[in-house]
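These notes are about the structure you will find just below.
Every number here is computed from the coordinates shown, using simple stated rules; none is lab data. It should be emphasised that the depicted structure is a prediction, and the values quoted were computed from it without experimental measurement. Cβ placement follows ideal geometry from the backbone for every residue including glycine, while neighbour counts extend to all protein chains displayed.
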């Protein structure tokens, strides 16, 4: 599937939505008082960064970097596989960090019976 | 040569994957394995270091692709020295935590295995950060370090540990996002992830990218290295984590963070003004942290702030630049690892059963626990820089370096901050020896192996104090290796596929 | 403008809408569902950006696993962000 | 007040990001001459005979990252267990996300095997088509998740999980050390590479990716199992 050559609109859509995702996530992580909301914010930031990274690797008219039998003889232009490999790693790492964060939230709930940071003494700053 | 640098990473990973199975065979193996691995790695690392000092860097390719195509590990006198130091501290921490009461105090065997696994990986991740020559690989190792550090901080089942760990994780997530953005900017412009290649091509970068990447990197790594506004996690994490882990944070983790900052500034980007920036940030970090330390009434928080202050001093020394500044900074890092390690290790036995670890609970403990108190006092004297202990020489080196560069203001500031340091450390020593004991908190005798690890550190402090030459030779080589950027680039990039 | 382009823009708007919804929604369960919608749209976007591997990963990890661990956490802690809702017995009452 | 500061911060960050990224052209070829992208594409097609070049990068060129990545998951599972650890006497009743009806149970049972098969297919063909160890492993974990949700008392044997996890991890490290032992470098391919687009191609790449698939599947199942078995706290 080819995205066409409306590069300006595509730039604004992909970069714009990625940057806005980062900002929305940042807002949630910094302003919200619920620990779960904060973790949601962090994972939204991660999503934005991943979108940004994949967009950077895109090449106009490129195909997916897979030499399937259909394309191998045509010597096609391919998008950059490196950012994709990096994002693959980053997604898995992000999941691991989210899992640990949520485990900590459950632990904090056990002790405090709340996930609101205003009521958890040491988390205020 | 006995082995290659990649074994420093591969063997602990092998052991980590094996440990759950070993535990099924014989439970004691879980406690012993990390120690055996660390001993072997230390042996390997010392051998490699002595080889490197004579013959120059070892650049190891991974997966058979020469730099800049593949990932590579660089074992230079500089990175090798730090890796050896980290492995040594790791071994000491392992000896200390072997059958450490508070870790073993479970009716179940599960947490023990997790503790040793996480501790071993904490050391390995730090070694990986120091050795790697690739920025994305650096990111992966920083994430490994992060996960282990969160797990270890929340290890005790009290509530404060989880709070400290969440705080750490929150700040750490921002750090990883910023790192990823910086890597992205560099890759989009230079099309490479290899450090030497980036250093070579950095001149082609437009200033906006260069500066933004550098700023993103500095903020992200400043979190690990406890730079000033980003160190909110440190005092909590230090005081809530199990005692040996606190020592590992001070001796190993912070070093890894500092290393990356230094590597970035000295090798990757030569943006004007970063050295001055380092000096300013270092000074600010140092002054604020030392003032925070003097107002603490809990032992571990005081030690944590003092540790941040020392890191500030190291940044100042690196900011002075030149051979002397780098030498002084490395010497400080070495001393800080050993001495702060001893302070954490011995201090935690002094306030073992106390709940809040107030300083007032140290009163008169010198008569009850003479040897531990003596070691604590020894470390306290060493860290404030009294002759003839190890700390004296490093502080002297910083002051000489600053004075030689004509930065008299800095000399004055360092000296006055040192006075604060002297005040609060002597206050503690005074409490230990000359104030009458009032609390009835129970006393815990150190286990023999904990005593052994503390004595080794104490012996090193005294030995380096009387014969600083044993360490300065290596340090000079290491600082020369760091400053020689061109050889670094050439040696890494001249590797070919064999 | 091709249909593809229009649908990409619509997807971007949905993506941001879901993100804003996830942030302002007080019911954390709905917020989590919104984050899984973000992941779903992202994975389509990755596919359009010629990154099928990343799309698969995001679909498997972002949509399925991340959502489920959030849901488990909410089940183990509390469902509402503010104090206006309290759980009495098995019912949730608005104050 | 705090919101104002945060909004200001967001404005600064947003302006900065837009400023930097608006200068990075979207969809254009940015590199001239020799560069990593072309090198990887070329080598993955001609030297390694791997069809999916992302797999080639993840497992071979940057295989060290992947080793680190599996370690991150492994440690996350470990840390999770340590964080949520509770003494047996404090434990009390499991969490029921929702009570599954008979139809759901029958459906889950029916779907379980095909999902596992799909996961295995995805990671076995990681070097030929999109997907691979991480995706396949996650799919397998989803299959177990289905069973865990449908049957509250569904037990995943911890012993089996840790055996699978450890053996898969050891396979990865030994596949890496194999190169070192044979006088090459760590993680270097030491098997014949075969022909591109055949199942037996790519040397050690499919072996490593299959190991990663098993490891990720076992680890994620372990994470889900630990979280699902988090006991509700004793009500005072």
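From the alpha carbon centroid of the range D:151-208 to that of the range C:46-75 is 24 Å. Between the Cα long axis of helix B:408-434 and the first principal axis of chain B there is an angle of about 30°, rounded to the nearest 10.
Please compute the Kirkwood hydrodynamic radius over the range B:292-441, one decimal place, Å, based on all pairs of different Cα atoms. Please report the intermediate quantities before stating the final value.
Details: mean 1/r = 0.0633 Å⁻¹.
About 15.8 Å, per the Kirkwood formula over Cα pairs.
Annotation for the range D:18-50 versus the range B:151-199: alpha-carbon center distance of 25 Å.
Taking label points 7 Å from Cα along the Cα-to-Cβ direction, residue D:18 and residue B:485 give a separation of 3.4 nm. Each Cα pair of the range B:74-217 feeds into the Kirkwood radius, which the Stokes-Einstein equation turns, at 10 °C and 1.306 mPa s, into a diffusion coefficient of 92 µm²/s. Treat chain D as a sphere of radius equal to its Kirkwood radius over Cα pairs and apply Stokes-Einstein at 37 °C in a medium of 0.692 mPa s; give the translational diffusion coefficient in µm²/s, rounded to a whole number. The estimated diffusion coefficient comes to 157 µm²/s. Give me the distance between the Cα centres of the range B:19-88 and the range B:320-335, rounded to whole Å. If you average the Cα positions of each part, the centres end up 24 Å apart.
Go ahead and run the numbers for FRET between residue A:7 and residue C:79, Cβ-Cβ distance against an R0 of 45 Å, rounding to 0.05. Result of the calculation: an efficiency of 0.50.
Calculate for the protein assembly as shown the 222 nm mean residue ellipticity that helices alone would give, adding -39,500 (n - 2.57) per DSSP H run of length 4 or more and normalising by residue count, nearest 500 deg cm²/dmol. The partial results should precede the final answer.
Working: 36 runs with 651 residues, N = 954.
When only DSSP H runs of four or more count, the value is -23000 deg cm²/dmol.
Each 20 Å bin from zero holds the following percent of Cα-Cα pairs in chain B: 25, 59, 16, 0.
So for the range B:1-124, what percent of the C-alpha to C-alpha distances run longer than 21 Å? In whole percent, the long-distance tail amounts to 44.
What is the order of B:383, D:124, A:19, fewest Cβ neighbours within 10 Å to most? Spell out each step's value before the answer.
On the way: B:383 28, D:124 18, A:19 22.
So the residues, fewest neighbours to most, are D:124, A:19, B:383.
I'd like the projected area of the range B:389-498, averaged over all directions, using the convex hull of its alpha carbons. Report it in nm² with one decimal.
Directional mean of the projected Cα hull area for the range B:389-498 stands at 13.3 nm².
Once you order the gyration tensor axes a ≥ b ≥ c over the Cα atoms, which shape class does the range B:170-321 get: rounded for a/c under 1.5, otherwise prolate or oblate by comparing a/b with b/c? Taking the square roots of the gyration eigenvalues as a ≥ b ≥ c, the range B:170-321 is prolate.
Restricting things to Cα coordinates, could you compute the convex hull volume per residue of the protein assembly as shown in Å³?
164 Å³
Ordering B:197, D:38, B:236, A:8 by the number of other Cβ atoms within 10 Å of each residue's own Cβ, fewest first, gives A:8, D:38, B:197, B:236. Calculated FRET efficiency, residue B:426 to residue D:4, Cβ-Cβ distance, R0 = 45 Å: about 0.50 to the nearest 0.05.
Identify which of D:12, D:156, D:70 has the largest mean-square fluctuation in a Gaussian network model of chain D, with springs joining Cα atoms closer than 10 Å. Between D:12, D:156, D:70, it is D:12 that shows the largest mean-square fluctuation. Annotation: peptides A:64-70, C:59-65, ranked by per-residue average of other Cβ atoms within 10 Å with the highest first, follow the order C:59-65, A:64-70. Here each label is just a point 7 Å from Cα along the line to Cβ, and for residue B:466 and residue B:436 those points are 3.9 nm apart. Helix B:159-190 axis versus longest C-alpha principal axis of chain B: approximately 10°, rounded to the nearest ten.
Extension gain residue B:445-residue B:160, at 0.36 nm per residue separation less the Cα-Cα distance, in nm? Numbers along the way, then the final one.
On the way: separation 285, 0.36 × 285 = 102.60 nm, distance 2.53 nm.
Stretched out fully, the residue B:445 to residue B:160 stretch lengthens by 100.1 nm.
With only Cα atoms counted, the range B:1-43 has Rg and Dmax values of 11.1, 35 Å. Of the three principal axes defined by the Cα atoms of chain A, the extents in descending order read 63, 30, 19 Å. Taken over the alpha carbons of the range B:67-145 as equal point scatterers, the Debye sum produces base-10 log I(q)/I(0) values at 0.28 Å⁻¹ of -1.26. Counting neighbouring beta carbons within 10 Å and listing from fewest to most, the residues D:109, D:127, B:476, B:336 come out as D:109, B:476, B:336, D:127. In chain C, the longest principal axis of the Cα atoms and the axis of helix C:28-48 are about 10 degrees apart.
The alpha carbon convex hull volume per residue for the range B:388-439 rounds to 78 Å³.
Under the classification rounded if a/c is under 1.5, otherwise prolate if a/b is larger than b/c and oblate if not, where does the range B:147-237 fall, given a ≥ b ≥ c as square roots of the Cα gyration tensor eigenvalues? If you can, show how the numbers build up before the last one.
Details: a/c = 3.60, a/b = 2.74, b/c = 1.31.
Since a/c reaches 1.5 and a/b is larger than b/c, the shape of the range B:147-237 is classed as prolate.
At 0.36 nm per residue, and after removing the present C-alpha to C-alpha distance, how many nm does the segment from residue B:29 to residue B:102 gain when stretched out fully?
Values: separation 73, 0.36 × 73 = 26.28 nm, distance 1.91 nm.
The span from residue B:29 to residue B:102 would gain 24.4 nm if fully extended.
Would you kindly calculate the translational diffusion coefficient of the range C:3-94, applying Stokes-Einstein with the Kirkwood radius from alpha carbon pairs, for 10 °C and a viscosity of 1.306 mPa s, and quote it in µm² s⁻¹ without decimals?
Numbers: Rh = 14.5 Å.
Translational diffusion coefficient: 109 µm²/s.
Work out the FRET efficiency for residue D:34 and residue B:270 from their Cβ-Cβ distance, taking R0 = 30 Å, and round it to the nearest 0.05.
Numbers: r = 24 Å, r/R0 = 0.80.
Taking R0 as 30 Å, the efficiency between residue D:34 and residue B:270 is 0.80.
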